[in-house]
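Structure record follows, encoded as structure tokens.
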Amino acid sequence: DFFEIFDLLHIQRMALRLPHESDGIIFTPVNLPYATGTCRQLLKWKPPHLNT
């Protein structure tokens, strides 16, 4: 699913209700077209205990 950044609290609440543990959130610029390969404009966030 895709959400606006101001929906972050909603996303966090939704993650708590998942039947599995969420391993993080990926922030993508809204105007960025889909492309394969490495994308330096993405921000991937994980809870500290899941960072490797």
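Laboratory data are not the source of any read-out in this text; all were calculated from the coordinates shown. Keep in mind that this is a model prediction, so the values were computed, not measured. FYI the Cβ positions are ideal-geometry reconstructions off the backbone, even for glycines, and counts take in every protein chain you see.
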Which labelled figure in (i) 4.3; (ii) 4.7; (iii) 3.8 is mean projected area of the Cα convex hull in nm², once derived from the coordinates: (ii)
Gained length - SER22 relative to CYS39, 0.36 nm times residue gap less alpha-carbon distance: 4.0 nm
³J(HN,Hα) computed for each position of segment 31-38 - Karplus, 6.51 cos²θ - 1.76 cosθ + 1.60, integer Hz, glycine/proline x: 9, 8, x, 5, 8, 7, x, 6
In Hz, Karplus ³J(HN,Hα) per residue of segment 7-23 (6.51, -1.76, 1.60; θ = phi - 60°; x = Gly, Pro): 8, 4, 4, 4, 4, 4, 5, 4, 4, 5, 9, 5, x, 9, 6, 6, 9
Estimated inter-spin distance, ASN51 and VAL30, nm [label 7 Å along Cα→Cβ]: 2.9 nm
